[in-house]
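The values are calculated or read from the model by the stated rules, or taken from the named source; none is laboratory data. As the structure is a prediction and not an experimental result, all values here were calculated from the model. Cβ sites come from the backbone with ideal geometry, for glycine too, and all protein chains shown count toward neighbours.
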Amino acid sequence: MNHTLSNRLSQFMTHFQVDLWDWQQEDPLELTPKLIDVIKVLEFVNIERFVSSRQGFVGRPAEYRSPLARAFVAKAVLDLPTTEALMDRLQSELSLRRICGFQSRHDVPGSWTFSRAFAEFSRLNLPDTAHNMLIRRELGDQIIGHLLHDSTAIEAREQPLAKPKPTPKEKRPRGRPRQGEERPPEPETVLEKQQHQTLEEMRTEIPKACDVGCKKNSHGYKETWIGYKLHISTADGDIPIAALLSSASTHDSQVALPLMKLCAQRVTSLYDLADSAYCSGIIREESRQLGHVPLIDHNPRRGEKIEFLPHEAERYKARTGVERSNSALKDNRGGRHVRIRGDLKVYAHLMYGILVIAAEQLLRLLN
């Protein structure tokens, strides 16, 4: 068997069409183009592989989790705003119900069961695990030309965390220290601290509480929102490779190093492309240590702006791919209707959308 990416995708589509034909002969269903997209993503991702079995435990048997996991993926493909909308579709559409694994309307559980299952999947980090395995399986043996890093604002319906007042800085006498006087060193910045940390330590220390974020839009006006930021790394072909959630007020540069190291564990890439928010010598040096070439827009910070060389400027144009991923998540895969609270659940909700986008973009490579 040829293990190149194009042949793997071709083999999947060939088997998918044969299996779909056999299924329709045995149990004919009314399949719209959107439902066929649901079947493609579910068969390609195979998320039920990552759902643990609950059989054999003491106590009342829990609802079987595989159909619920498939239903949440279908919710992202169909861009349904709420779980209630998903339940209504499952109750009214035989085709969608059978695709997810529910045999009859009586098998579709209540909203409380969906809520408990979603909380369980969030604690287990199920969609991120499925996305990680999908990227490693399909792109782990490929060489990615560009990795595009950026963040997008995520609005949430919860109370923002009040920030504590900063402690006043100790006043020091001006000038050089006297002979024999020892002054405490300046505290390390976040980036300086991250240079000596592991990936797990960096991910643990990323602020994830809901708060207020502020940024300038493309017209130069300030915009504020309550919620979070999703930091996304996208490969050529608009395929999301990794994503991390942070508080809305977290600066993009503070998530750059963990995001780059997370991508390096999953794929082999050549270039790191990012805007001026990531302009830092530490980030550039980390990119080089990972074997990448950093192409990061220079932030003059009241100085003279350093422009790209002509060949770098041409390559930098590929950065628009991450903007398309951000737009696809918000407009078509649930990024604009976050109806849950807490960073774990919000991250899981967004990762279902990222998982679906990655699967769809990989399958689109066949065209």
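Restricting attention to segment 90-109, the residues that are among the basic types (Lys, Arg) and more than 13 Å from Arg70 (Cβ to Cβ) total 1.
Filtering segment 265-298 to residues that are over 16 Å from Glu323 (Cβ atoms) and among the polar types (S, T, N, Q) leaves Gln265, Thr268, Ser269, Ser280, Ser287, Gln289.
Here is a yes/no grid of residues against (1) modelled with pLDDT of 95 or more; (2) within 19 Å of Leu191 (Cα to Cα); (3) surrounded by fewer than 21 Cβ atoms within 10 Å (Cβ to Cβ); (4) touching a Ser or Thr at 6+ places or on another chain (Cβ under 6 Å):
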position	(1), (2), (3), (4)
Trp225	no, no, yes, no
Leu230	yes, yes, no, yes
Asp236	no, no, yes, no
Ala242	yes, no, no, yes
His251	no, yes, yes, no
Leu262	yes, yes, yes, no
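From the list Glu360, Glu314, Glu304, the lone residue that is farther than 22 Å from His251 by Cβ and at pLDDT below 90 is Glu304. Here is the figure for segment 321-364: residues that are basic (Lys, Arg) and surrounded by fewer than 18 Cβ atoms within 10 Å (Cβ to Cβ) total 5.
Only one of the numbered conditions (1) under 30 Å from Ser6 (Cα atoms); (2) exposed (fewer than 10 other Cβ atoms within 10 Å of the Cβ) is not met by Glu170, and that is (1). Listed by position, the helices (runs of 4 or more DSSP H) enclosed by segment 240-352 that each have at least 3 residues that are under 15 Å from the mean Cα position of the chain (by Cα) and closer than 30 Å to Ala85 by Cβ are 320-332. Among the candidates Arg136, Arg174, the residue that is without any contact (Cβ under 8 Å) to a residue 40 or more places away in the chain and outside the structural domain of Ala71 (by TED's automatic domain parsing) is uniquely Arg174. Only helices (runs of 4 or more DSSP H) whose full extent lies in segment 73-192 are considered here, and the ones with at least 1 residues that are small (Gly, Ala, Ser) and farther than 25 Å from Arg266 by Cβ are 83-92, 94-100, 111-124.
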